[in-house]
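Enquirer: This structure is in structure tokens; I'll ask about it shortly.
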Amino acid sequence: MSERAEAERLDAEDPLAPFRERFVLGDPDVIYLDGNSLGRPPLATRERLTRLLDQWGSELVGAWEDWIDLPVRVGDLVGRAVLEARPGETIISDSTTVNLYKLAGAIIATRPGAVLVPRDEFPTDRYVLEGLARTYGREFHEFDTDRIEGPVAADVQRAAERAGEVAAVVLSHVQYRSGALADTTAVEAAAPAPVIWDLSHSAGVARAGGIGLAVGCTYKYLNAGPGAPAFLYVREDLQAGLETPLQGWFGQHDQFEMERAFDPQPGVRGFLAGTPNIPALVAIEEGARLTEEAGLDRLRAKAEALTAYLVELSEDWLAPLGFELGSPRAAERRGGHVSLRHPEAWPICRALIEVEKVVSDFRGPDSLRLGLPPLYTRFADVHEALERLRELVASGRHREVDSARKRVT
Ligand SMILES: Cc1ncc(COP(=O)(O)O)c(C=O)c1O
């Protein structure tokens with residue numbers, strides 16, 4: 001298992017291996033294990049952005065005729081590729097933060113009760129929900145979950161019993177630190193109120209069965225680029241009666257009939273707000289096409305195989321150096337990244353990037369996060385990265401780097 005030949009055998013058998021060549025790869029000595037934070041640029045996106053510039057230059061404002069429906073068209077593609085959604089259930093707009101505000105605000109306006117969110121949820125989600133609870137005069141309940149295993153149905157049930165009446169539950173499908181994959185079907189069955197899923201760390205590596213409401217990033221496993229807007233999904237049967245609290249002209253019926261009062265478009269399109277970012281939308285389209293072509297079954301199988309390979313190597317090589325697994329042990333309970341805990345995780349992360357050219361990230365207080373996007377990560381990358389990590393820590397050279405905290409970790 002720990003021989004490089006084994007990694008090479010796994011790569012040779014990998015049906016997704018040819019996808020790697022469809023990305024901008026840069027320095028061949030750099031091992032990129034942070035695509036769960038920012039995916040790599042697809043080659044097709046480079047060409048598409050050049051074409052967009054030409055179109056902008058030649059057609060000028062007239063090109064809006066072609067661009068205006070991109071949030072819906074690309075939304076349908078992302079919905080199909082990632083959520084197995086029907087047309088008309090997904091749009092692209094704003095950031096995940098803003099989409100969560102719009103969707104949770106719409107749900108809360110239709111139901112009485114408290115808002116529930118795991119205490120360990122990604123900060124922006126907690127902040128949005130806390131703010132909405134204050135605006136709508138609701139109780140805001142943060143509930144405890146296992147730090148490694150993430151939220152399970154029983155946690156949601158317990159929190160709901162304590163809260164009494166519940167308006168909405170918000171949680172991530174894949175926990176941002178540990179990579180734990182929640183059981184969407186079990187949580188949906190246990191929740192006494194609509195569940196809004198944050199799919200940021202799962203879109204493109206895991207199926208979210210049985211969900212009705214979701215938001216999520218496109219710049220991670222969908223490779224749409226820094227700051228690309230997010231998706232917002234509402235299953236058809238839940239759309240009636242939901243009204244965005246952020247009324248904007250792109251959500252308006254006949255938006256160029258300027259003198260009218262706000263009358264939102266039906267369904268999910270009513271959640272559009274302001275002018276969409278067209279360069280980012282075409283980048284999402286190219287990224288999502290690759291995901292659709294690869295297919296969720298193959299992406300899921302490779303995410304499990306890659307993370308399992310990393311966990312096995314880390315047990316052999318890294319446990320003796322003080323590392324502990326910070327992710328669920330069972331591969332089917334993980335998303336596309338693995339966390340390794342170590343008391344010196346921050347200087348190790350810095351040295352791994354600066355000295356060993358293995359790009360990872362750090363999530364406090366003690367986790368080194370290693371992301372393995374299945375579209376372009378090779379088993380040989382995992383082998384090489386862990387070999388470099390083992391040598392770094394065994395030699396103590398991680399103590400020689402400047403360990404001042406950076407603005408971005
Ligand atoms: C789980 C999760 N939710 C939300 C966000 C924030 O998304 P945005 O900054 O696009 O609003 C992130 C960003 O990494 C995330 O990981």
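The values are calculated or read from the model by the stated rules, or taken from the named source; none is laboratory data. Predicted model only: the values in this text are computed from it and were never measured. Every residue, glycine as well, gets a Cβ built from its backbone with ideal geometry; the counts of neighbours run over all protein chains shown. To get the accessible areas, we keep the full protein, side chains included, count just its heavy atoms, and leave off ligands, DNA and RNA. Shrake-Rupley method; radii C 1.70, N 1.55, O 1.52, S 1.80 Å.
Enquirer: Quick one: would you say A63 is buried (at least 16 other Cβ atoms within 10 Å of the Cβ) and not polar (S, T, N, Q)?
Expert: So A63 fails the test.
Enquirer: Still on this model: Looking at the stretch 139-156, is at least one residue polar (S, T, N, Q) and within 16 Å of the ligand (Cβ to nearest atom)?
Expert: Yes, the stretch 139-156 contains a residue that is polar (S, T, N, Q) and within 16 Å of the ligand (Cβ to nearest atom).
Enquirer: Just give me the residues in the stretch 217-227 being crowded, with 24+ Cβ neighbours inside 10 Å and more than 8 Å from the ligand (Cβ to nearest atom), in sequence order.
Expert: Passing the criteria: T218, Y221, L222, N223, A224.
Enquirer: Does the stretch 19-40 contain at least one residue that is at pLDDT below 95 and open to solvent by 30 Å² or more (accessible area, probe 1.4 Å)?
Expert: yes
Enquirer: From the list V268, V338, which residue is part of a helix (DSSP H, G or I), modelled with pLDDT of 95 or more and among the β-branched types (V, I, T)?
Expert: Result: V268 is the single residue among V268, V338 that is part of a helix (DSSP H, G or I), modelled with pLDDT of 95 or more and among the β-branched types (V, I, T).
Enquirer: Let me ask something additional. Looking at L313, L246, L232, L242, which is the one that is touching a helix residue (DSSP H, G or I) at 6+ places or on another chain (Cβ under 6 Å), modelled with pLDDT of 95 or more, part of a loop (DSSP other than H, G, I, E, B) and under 30 Å from T145 (Cα atoms)?
Expert: Exactly one residue qualifies, and that residue is L242.
Enquirer: So which residues in the stretch 1-54 are more than 17 Å from L372 (Cβ to Cβ) and not in a helix (DSSP H, G or I), if there are any at all?
Expert: Passing the criteria: S2, E3, V24, G26, D27, P28, D29, P41, P42.
Enquirer: Moving on to the next point. In the stretch 323-340, how many are surrounded by fewer than 20 Cβ atoms within 10 Å (Cβ to Cβ) and either free of Cβ contacts under 8 Å to residues at least 40 places away in the same chain or aliphatic (A, V, I, L, M) (or both)?
Expert: The number of residues fulfilling the criteria is 5.
Enquirer: Kindly indicate whether T184 is modelled with pLDDT of 95 or more, open to solvent by less than 20 Å² (accessible area, probe 1.4 Å), out of contact with any Leu (no Cβ under 6 Å at 6 or more places or on another chain) and more than 11 Å from the ligand (Cβ to nearest atom).
Expert: yes
Enquirer: Show me the strands (runs of 3 or more DSSP E) entirely contained within the stretch 77-174 in which 1 or more residues are closer than 24 Å to G336 by Cα and open to solvent by less than 10 Å² (accessible area, probe 1.4 Å).
Expert: In the stretch 77-174, the matching strands (runs of 3 or more DSSP E) lie at 90-93, 114-118, 166-172.
Enquirer: Could you tell me how many of the residues in the stretch 249-262 are touching a helix residue (DSSP H, G or I) at 6+ places or on another chain (Cβ under 8 Å) and of a type in the set (S, T, N, Q)?
Expert: So the count comes out to 1.
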